[in-house]
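> Mind having a look at this structure? Questions to follow.
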Amino acid sequence: MRITGINSQINSNYTSFGRRPRKDEEADLQKTMEEGFEAAGVRERSAITHGSVFPAIGRDSFIGSPYGEGATEWIKFLKLYGFNGNQLGPTGMILYDDNNYSPYNASALNENILFIDLKPLTTEKYGKILSKESYENLTIPADGNGKDYSFSDFSEAKIVYYKALTESYKTFKSNLAKGQPEAIKLNNEFKEYLTQKGQQTEEEGIYRVLSTLYGDEDCDNWEKPDSDLMVNIRKEDPVAIKHYASLKKRFKNPIEQYQFEQFLVTKQIKENKEFRDKIGFKYYSDLLVGNSKMDYWRYKEAFLEGYYMGAMEYNENTPHQTWGVNVLNPRKLFLNDKELNIGGKFLKEKIKHALENCENTRIDHALGLIEPFVYKGDTLEYDDNGKQIKDKLYGRFMSMLFDENGTPMDTHFDYPRILERIVLPTLKEEKLDQNDPVWEHLCCEPALFKQIYYEKHHLPELIMFDYKIAKDFIGNANNWYLLGSHDSIPILSLLRDKGENLRGDKAWDPLYLAGYLNQDPKRVKESSEYCNKISHIKDGKPKTGDELEKADKAIVDAKFAELMTKEKIQISFADLLGLTETGLSYNIGGSSNKINWRERIAPDFLDKYYENLSSDNPTALNMPEILKIAVQASIDGKLVGYTESVKNDADKEQKIKQKREELYNQYGYLLDKLQHYADILKEKE
């Protein structure tokens with residue numbers, strides 16, 4: 001049942017203006033989307049967009065920035081369609097090479113200088129430390145290439161930033177020597193930054209000098225005293241202290257340049273946060289379970305020598321994942337019942353840094369904080385084709401690991417205490433509840449993990465709807481839900497590639513989805529019609545060609561509508577924009593190839609998004625249309641819940657009728673506004 005008159009009211013107030021909302025309509029569209037999410041019960045709705053993925057605006061430095069002008073435009077777009085947050089990837093410095101672009105190899109305690117937006121460095125605000133001529137020469141026009149995506153070029157970006165930041169530092173020092181007011185002001189900010197981060201960035205600067213001199217990031221391959229320098233500094237070894245001072249003096253300028261670069265990116269992070277705070281938009285950091293070789297060098301004694309962290313696969317025929325991530329030594333976590341040891345201090349520092357300029361965080365691989373799967377670096381063997389021999393990986397969970405004397409490595413059972421002694425208290429210090437972060441634990445779950453994670457601390461889950469249904473998670477308000485992720489191809493591509501596997505799963509059953517999204521018995525006709533629309537079967541035969549394409553898109557939209565009935569959700573940028581070209585993905589988990597981590601949002605993403613939605617076979621998400629389905633499902637759910645509460649009343653039919661009218665009086669106008677904007681996005685210019 002619908003309340004009449006709402007459509008005519010909408011049409012009298014709104015005129016059709018084409019497939020793209022006008023500037024003067026954007027405020028109402030945003031308000032409509034926010035009201036829609038509220039009506040559907042979605043408190044948190046976050047996009048997944050890692051730092052390098054952000055689009056270029058004007059000029060392109062070959063890599064995206066979550067803090068630059070492109071980030072501002074992407075955030076405005078997300079905000080327009082009701083998102084109130086974005087999930088970043090790890091944002092620390094990364095060793096980009098031809099075989100490894102993964103942000104999960106980032107440093108845990110610093111910032112990625114390749115995320116600096118170079119354009120502001122040419123302005124008065126930054127003392128014009130980068131000339132406009134250099135900026136123009138080093139960057140390229142951010143023109144659309146005809147495709148709805150772009151690619152990062154990490155090798156080219158490293159060259160660009162080396163040249164641009166070297167010039168910026170030299171100009172800054174020169175202008176400061178001349179007494180230029182802008183340089184003096186910038187230097188005052190720099191000195192303030194160093195009061196907080198000076199010692200850390202000095203040590204990191206020395207590491208960068210040494211890794212350059214040796215041509216190797218791995219300090220275990222360096223000569224002494226360099227390889228163990230920070231270990232011996234903490235021991236107050238006079239030889240190490242003297243050597244450190246010598247390095248600091250000898251390489252003063254490159255160390256200070258590193259510190260200046262970290263200051264610049266931090267300054268831009270804070271400026272971006274000020275913008276986000278004004279519009280009410282959150283960034284979620286990514287508290288990676290691993291660390292970089294830089295972190296390892298600085299805290300070497302905190303790690304378990306010779307062991308690395310990976311992940312055990314569910315399938316016994318699949319080789320376990322070997323990440324090469326240094327694993328914290330359980331014997332270096334706690335000094336006693338009150339004090340942290342060096343490993344515990346490092347972990348706490350990681351959490352603090354992850355939340356320094358972000359409002360929330362994703363806790364990467366929660367298993368690694370309780371019962372990590374570890375292996376020795378010298379136990380990997382490969383066949384003649386380079387494929388890992390599964391039986392030659394002698395991995396163990398931490399609680400099953402023993403030292404050379406046969407003693408349990410985690411003698412005092414310290415790993416299971418990491419949550420209660422480090423993680424949860426630190427979250428509280430940062431004004432976060434334990435249910436606020438996105439706890440990522442999409443892996444095997446040994447008994448100890450379940451005992452600590454679920455039974456003891458009652459922590460939330462991250463639920464992927466790829467093979468699960470919303471009805472199985474009623475009442476789990478603290479869980480996060482997603483369909484697809486940054487580690488998978490877009491869901492529409494997945495359906496088209498593995499259609500039979502998905503269509504045979506209950507999570508993709510048209511009868512279930514149609515029934516869940518249309519629960520009101522008075523809307524059985526709508527439910528039946530919707531089931532036919534999203535089914536790949538028609539008149540007992542499989543749909544083909546254009547009919548099958550439309551059915552695939554319709555059932556993917558149904559799955560996203562199902563997602564939007566949950567309290568906390570995440571949607572990948574690739575799904576949102578419909579980036580479904582064959583072979584295209586941001587990352588395929590567990591794989592290694594030259595495509596991983598390079599996909600990026602096109603400079604003209606707005607044009608491409610609206611062009612996509614107005615095409616005959618759109619692949620992007622029409623957010624108002626999908627949200628309308630979710631709001632309708634919420635209305636039906638409220639009515640069904642009310643029906644259950646009055647099932648024993650003598651006049652229940654009349655009460656149900658009145659309740660239905662109340663709900664449509666409350667939400668009918670919202671449904672029509674959502675449909676109005678959904679129709680606009682479908683119109684051609």
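> Lys498: which aspartates and glutamates have alpha carbons under 19 Å from its alpha carbon, excluding same-chain residues fewer than 8 sequence positions away?
Hits, sequence-local ones excluded: Asp466, Asp487, Asp509, Asp546, Glu547, Glu549, Asp552, Asp557, Asp575, Glu581.
> Let me ask something else. Out of residues 5 or more away from Ile595 or on other chains, whose amide H comes under 5 Å of its own, with H placed 1.01 Å from N in the peptide plane?
none
> A further question on this structure: Could you give the angle, 0 to 90 degrees to the nearest 10, between helix 26-40's Cα long axis and the longest principal axis of the Cα atoms of the chain?
Compared with the principal axis, the helix lies near 80 degrees.
> Ignoring ligands, DNA and RNA, what percent of the 1.4 Å accessible area of the chain is carbon and sulfur?
Carbon and sulfur: 48 percent of the exposed surface of the chain.
> Continuing with this model, one more query. Collect residues whose amide H, placed 1.01 Å from N in the peptide plane, falls under 5 Å from the amide H of Val438; neighbours closer than 5 in sequence don't count.
Thr361, Arg362, Ile363
> For the full complex of protein chains and a 1.4 angstrom probe, list Leu448, Leu367 by accessible area with the highest value first.
Ranked from most to least accessible, the order is Leu448, Leu367.
> So, one more: About its Cα centre, what dipole magnitude does the chain give when the only charges are +1 on Lys and Arg Cβ and -1 on Asp and Glu Cβ, stated in debye to the nearest 20?
In debye, rounded to 20, the chain gives about 1280.
> Can you find, among Ile255, Pro103, Ile184, the residue sitting farthest towards the positive end of the charge dipole of the chain, where Lys and Arg contribute +1 and Asp and Glu -1 at Cβ?
So the residue furthest toward the plus end is Ile184.
> Could you give the accessible area per residue of the stretch 390-455, probe 1.4 Å, as a whole number in Å²?
50 Å²
> Also, I was wondering about something else. For Lys31, list the lysines whose Cα falls under 18 Å from its own Cα; do not include residues on the same chain fewer than 8 positions away.
Those lysines meeting the cut-off are Lys23, Lys76, Lys79, Lys278, Lys282, Lys628, Lys673.
> Probe radius 1.4 Å, ligands and nucleic acids left out: which of Arg43, Arg600 has the largest accessible area, and how do the rest follow?
Of Arg43, Arg600, the descending order of accessible area is Arg43, Arg600.
> Further question on the same structure: Per residue, what accessible area does the stretch 292-366 have, given a 1.4 Å probe and all protein chains present, in Å²?
40 Å²
> For the chain, what proportion of DSSP beta bridges, expressed in % and rounded to the nearest 5, is antiparallel?
Within the chain, antiparallel bridges account for around 50 percent of the total.
> For the stretch 174-321, calculate the relative contact order in percent as a whole number, restricting contacts to Cα pairs under 8 Å that are 6 or more residues apart.
28 percent
> Could you tell me which of rounded, prolate or oblate describes the stretch 23-125, using a ≥ b ≥ c as the square roots of the eigenvalues of the alpha-carbon gyration tensor, with rounded for a/c under 1.5 and, failing that, prolate when a/b is larger than b/c and oblate otherwise?
oblate
> Identify all lysines with a Cα-Cα distance to Lys456 below 22 Å; exclude those on the same chain that are fewer than 8 residues away in sequence.
Lys338, Lys348, Lys428, Lys431
> So, one more: Full extension from Ile184 to Tyr214: what is 0.36 nm times the residue separation minus their Cα-Cα distance, to one decimal in nm?
Result for the pair: 7.2 nm of gain on full extension.
> Using a 1.4 Å probe and ignoring any ligands, DNA or RNA, find the accessible area of Glu661 and quote it in Å² to the nearest 10.
The value for Glu661 is about 60 Å².
> Please identify which residues in the stretch 326-344 have an amide N closer than 16 Å to a label point set 7 Å out from the Cα of Arg396, following the Cα→Cβ vector.
327-331, by backbone N distance to the label point.
> In whole percent, what relative contact order does the chain give with Cα contacts below 8 Å and a gap of six or more residues?
Reported as a whole number, the value is 19 percent.
> Order the peptides 527-536, 424-433 from the highest to the lowest mean number of other Cβ atoms within 10 Å of their residues.
Per-residue Cβ counts within 10 Å, averaged per peptide and sorted highest first, yield 527-536, 424-433.
> Now, a different point. Once label points are set 7 Å from the Cα along Cα→Cβ at both Asp487 and Glu156, what is their separation, rounded to one decimal in nm?
Computed distance between label sites Asp487 and Glu156 equals 3.1 nm.
> To the nearest 0.05, what FRET efficiency results for Lys23 and Ala477 with a Förster distance of 51 Å applied to their C-beta separation?
With a Förster radius of 51 Å, E is 0.90.
> Residue separation times 0.36 nm, minus the C-alpha to C-alpha distance between Ala177 and Lys550: what's the value?
Length gained between Ala177 and Lys550: 127.7 nm.
> Roughly how far apart, in whole Å, are the Cα centres of the stretch 639-673 and the stretch 235-265?
For the stretch 639-673 versus the stretch 235-265, the Cα centre distance is 70 Å.
> Additional query: Starting from the Cα gyration tensor of the stretch 513-560, take the square roots of the eigenvalues, sort them a ≥ b ≥ c, and report rounded, prolate or oblate (rounded when a/c is under 1.5, otherwise prolate if a/b is larger than b/c, else oblate).
Because a/c hits 1.5 or more and a/b fails to exceed b/c, the stretch 513-560 counts as oblate.
> Can you give the accessible area per residue of the stretch 474-621, in Å², using a 1.4 Å probe?
41 Å²
> If R0 is 41 Å, what FRET efficiency do you get for Lys456 and Asp237 from their C-beta distance, rounded to 0.05?
In this case the efficiency is close to 0.50.
> Using only protein heavy atoms and a 1.4 Å probe, report how much of Asp337 is accessible, in Å² to the nearest 10.
Number for this one is 130 Å².
> How big, in percent, is the set of alpha carbon pairs in the stretch 480-630 lying more than 23 Å apart?
Here the tail beyond 23 Å accounts for 38 percent of pairs.
> Another question, if that's okay. 5 Å is the cut-off here: which amide hydrogens, built 1.01 Å from N in the peptide plane, fall below it relative to Val325, excluding neighbours closer than 5 in sequence?
Placed amide hydrogens put Met309 under 5 Å from Val325.
> Sorted by accessible area (1.4 Å probe), largest first, how do Glu547, Glu35 line up?
I get Glu547, Glu35, largest accessible area first.
> Go through the stretch 449-462 residue by residue and turn each phi into a ³J(HN,Hα) via Karplus (6.51, -1.76, 1.60, θ = phi - 60°); whole Hz please, and just put x for glycine and proline.
4, 4, 4, 6, 6, 8, 6, 8, 9, 6, 7, x, 9, 10
> Across the stretch 64-72, in residue order, what do the Karplus-derived ³J(HN,Hα) couplings come to in whole Hz, using 6.51 cos²θ - 1.76 cosθ + 1.60 with θ = phi - 60° and x for Gly and Pro?
Once θ is set to phi - 60°, the couplings for the stretch 64-72 become x, 9, x, 10, x, 5, x, 5, 4 Hz.
> How high is the relative contact order of the stretch 382-524, in percent, counting Cα pairs under 8 Å that sit 6 or more residues apart?
13 percent
> Show me, for the stretch 274-283, the HN-Hα J-couplings you get by feeding each phi into the Karplus relation (A = 6.51, B = -1.76, C = 1.60, θ = phi - 60°), rounded to Hz, glycine and proline as x.
Karplus values, whole Hz, x for Gly and Pro: 4, 5, 5, 4, 5, 9, x, 10, 9, 9.
> Based only on the alpha carbon positions, what is the Kirkwood hydrodynamic radius of the chain, in angstrom?
27.5 Å
The values are calculated or read from the model by the stated rules, or taken from the named source; none is laboratory data. What you see is a predicted model; the values in this text were computed from it and never measured. No Cβ is skipped: glycine too gets one built from the backbone with ideal geometry, and neighbour counts run over all protein chains shown. Note: accessible area is taken over every heavy atom of the protein model, side chains too, but ligands, DNA and RNA are not part of it. Shrake-Rupley method; radii C 1.70, N 1.55, O 1.52, S 1.80 Å.
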